[in-house]
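The values are calculated or read from the model by the stated rules, or taken from the named source; none is laboratory data. In this text the structure is predicted, and so the values were computed from the model without any measurement. Reconstructed Cβ throughout: ideal geometry from the backbone, glycine too, with neighbour counts over all protein chains shown. To get the accessible areas, we keep the full protein, side chains included, count just its heavy atoms, and leave off ligands, DNA and RNA. Shrake-Rupley method; radii C 1.70, N 1.55, O 1.52, S 1.80 Å.
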Amino acid sequence: PVGYTLDFGISEVGIFDFKSPEVSSLVLPATCSNNEITVSFNESVACDQVISTAFTLTGPGGPYTIDPFSNECAVGAAYSKRFVLRTDPPITQSGTYNLSICCISDVCGNELVPLERTFSLDIFPPLGLDFGPDQALCEGEEIELNATNEEATYQWQDGTTNPTILISSAGRYAVTVTNPCESISEEINVTFLDAPKFDFGQDTILCEGNLLPLAASSPQATYLWQDGEQGPLYTVTTPGNYSATAVNQCGTFSD
């Protein structure tokens, strides 16, 4: 309206970029064991230059090898802005780390100013919890279950929150252990076992052809009869002296 004209004809004008790319964000591992660091640049950089040797990570648990990955580069693009750096081995130890990045160019060949970043991590070790198999206790015995883990909280089946619990009665005992990275649970059934006890009664007389069954049955016991037989039951068919001894973890009994 004021006299300007736009000409869409061929021009000799070129577009030039002389500014070096920069790291716009760096997402470091958190408090849990991790093997990924995410690097984002403020402009696209060449995929073929974002290779392992462009990155150096030093710190506890090293030396580390870096394997960079980009979704765009993976499907054939020449440039990308965001890369995930996977460390081998994973970062699993607390301490101070140093990450350096260099020798990466943008679309116009401007090289990244070498970057160094020092960071500290407080890594929580994986939770461990194993009460073993169900247990049988003798009367008067106690056991302590220990769920202690670093920087963890505890929730037992009865609502208590201590890392250990003392057991003196039968039942099912369970705990959930939680730290900032994960939560695991474990349980165990505890029963109480009596010492062996049985009674064959008085000496007896059998009529010819009669049988006398004897039972030494006791919970979780092993048995030994006068002739070496093993097992809770024995059948008397001939005259003689008969005896059995039963043994379990809570005692021994004979008759």
Compute the distance from the alpha-carbon center of segment 176-223 to that of segment 224-255, in whole Å. 16 Å
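Going through segment 9-73, which chymotrypsin sites (Phe, Trp or Tyr not before Pro) have at most 16 other Cβ atoms within 10 Å and a DSSP loop state?
Within segment 9-73, the qualifying chymotrypsin sites (Phe, Trp or Tyr not before Pro) (loop, at most 16 other Cβ atoms within 10 Å) are PHE16, PHE18.
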Got a number for carbon plus sulfur as a percent of segment 21-68's accessible area, 1.4 Å probe? 49 percent
Note down the magnitude of the dipole of the chain about its Cα centre, charges +1 on Lys and Arg C-beta and -1 on Asp and Glu C-beta and zero elsewhere, to the nearest 20 debye. 600 debye
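Mind running the shape call on segment 187-251? Use the C-alpha gyration tensor, a ≥ b ≥ c as the square roots of the eigenvalues: rounded below 1.5 for a/c, prolate if a/b tops b/c, oblate otherwise.
Numbers: a/c = 2.99, a/b = 2.68, b/c = 1.12.
Verdict is prolate for segment 187-251.
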Using a Gaussian network model of the chain with C-alpha springs under 10 Å, which one of LEU115, LEU224, LEU212 is most mobile by mean-square fluctuation? LEU212
Count charges around LYS81 for me, please; just the other residues with Cβ under 14 Å from its Cβ, Lys/Arg as +1, Asp/Glu as -1. -3
Most fluctuating of TYR223, TYR173, TYR79 in the GNM of the chain (C-alpha, under 10 Å) is TYR223
Assign unit charges at the C-beta atoms only (+1 for Lys and Arg, -1 for Asp and Glu), then state the dipole size of segment 1-48 relative to its Cα centre in Debye, rounded to the nearest 20. 180 debye
Only four residue types carry charge here, +1 at the Cβ of Lys and Arg and -1 at the Cβ of Asp and Glu. Report the dipole size of segment 117-255 about the Cα centre in Debye, rounded to the nearest 20. 160 debye
Histogram of C-alpha separations across the chain, 5 Å bin width, %: 1, 5, 9, 9, 7, 6, 6, 6, 6, 6, 5, 5, 5, 4, 4, 4, 3, 3, 2, 2, 1, 1, 1, 1, 0, 0, 0, 0
Tally up the carbon and sulfur contribution to the accessible surface of segment 177-255 as a whole percent, 1.4 Å probe, everything protein left in place. 49 percent
Accessible area per residue for the chain in Å², computed with a 1.4 Å probe and the full protein assembly in place, what is it? 62 Å²
For segment 128-236, what does the alpha-carbon gyration tensor say about shape, rounded, prolate or oblate, given a ≥ b ≥ c as the root eigenvalues, a/c under 1.5 as rounded, and a/b over b/c as prolate? prolate
Placing +1 on the Cβ of each Lys and Arg and -1 on the Cβ of each Asp and Glu in segment 138-255, which of VAL236, ILE205, ASN248 has its Cα farthest towards the positive end of the resulting dipole? ILE205
